[in-house]
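Here's the structure, in structure tokens; my notes come after.
Values quoted throughout were computed directly from the atomic coordinates according to the rules given, and no laboratory measurement underlies them. Not measured: the values here are computed from a predicted model. Glycine also receives a Cβ, built like all others from the backbone with ideal geometry; neighbour counts cover every protein chain displayed.
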Amino acid sequence: QKEVEQNSGPLSVPEGAIASLNCTYSDRGSQSFFWYRQYSGKSPELIMSIYSNGDKEDGRFTAQLNKASQYVSLLIRDSQPSDSATYLCAGLLYSNYQLIWGAGTKLIIKP
Amino acid sequence: DAMVIQNPRYQVTQFGKPVTLSCSQTLNHNVMYWYQQKSSQAPKLLFHYYDKDFNNEADTPDNFQSRRPNTSFCFLDIRSPGLGDAAMYLCATSARREETQYFGPGTRLLVL
């Protein structure tokens, strides 16, 4: 079964520190990966997408993809209390264009 | 601003009373998706339209139906809501199936 796995957390990080969120996937057919942020009671909001091995940076966010290890991560630098949310990792299977979702990691930034 | 709009934002219905949720988009995207999300769970894909082609997920209950009368609009019909159908219903769009999905604000459905 094709899966995307995330630690459900909560992950507690002090304000100003780096938050590291991790995701592993089982299907090597997954080619594109997405990180969404979801505040309680709200809809998912795209943070980053990554398609190639290596790092992709956007402001305080860095996504990392390692296809050999089947591992995707999201780093948040200078964490702010407003970053407190659930972060959903999703992988796209190119065989059928199905988006496989992880269950999400709850992140808490402590002031 | 280009966006995905869902109405209503909150819907209360009675057990067994049909309900329709709507989604519209100004992104001119070809693909529209309906997801169901329950508390602390990942979004679950119900179905999607690629242009006019309807794609139903194998485990989507027959109680759920969808219509896409034109590129901009898509509807989710729940014919006989049960208590287990209470959830957040999310509409998303993408330009093509392999591209990023963008979500509307969601409709919170409560079944009494």
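Summarising the amide proton neighbourhood of residue B:110: residues at separation of 5 or more, or on other chains, whose placed amide H is nearer than 5 Å comprise B:11, B:12, B:13.
Compactness of the protein assembly as shown is given as radius of gyration and Dmax, 17.6, 51 Å, from Cα positions.
Note on residue A:7 and residue A:71: with the Förster distance fixed at 22 Å, the Cβ-Cβ geometry gives a FRET efficiency of about 0.95. Compactness of the stretch A:16-111, taken as the C-alpha radius of gyration over 2.2 N^0.38 Å, stands at 1.05.
Remark on residue A:84: its backbone amide H falls under 5 Å from those of A:109, a criterion applied only to residues 5 or more positions apart or on other chains, H modelled at 1.01 Å from N. Counting neighbouring Cβ atoms within 10 Å and putting the fewest first, the residues A:78, B:62 line up as B:62, A:78. Each Lys or Arg adds one and each Asp or Glu takes one away; over the other residues whose Cβ falls under 12 Å from the Cβ of residue B:111, this sums to +1.
With Cα atoms as the point set, the radius of gyration and Dmax of the stretch B:1-83 evaluate to 13.0, 37 Å.
Rank the residues A:50, B:78, B:5 as a footprinting-exposure proxy: fewest other Cβ atoms within 10 Å of their Cβ go first. Let's see the in-between values first.
On the way: A:50 19, B:78 22, B:5 15.
Placing the least packed residue first, the sequence is B:5, A:50, B:78.
3J(HN,Hα) couplings calculated from phi for the stretch A:15-32 with the Karplus curve 6.51 cos²θ - 1.76 cosθ + 1.60 (θ = phi - 60°) are, in sequence order, 4, x, 8, 8, 9, 10, 10, 10, 8, 10, 9, 9, 9, 5, x, 6, 10, 10 Hz; Gly and Pro show x.
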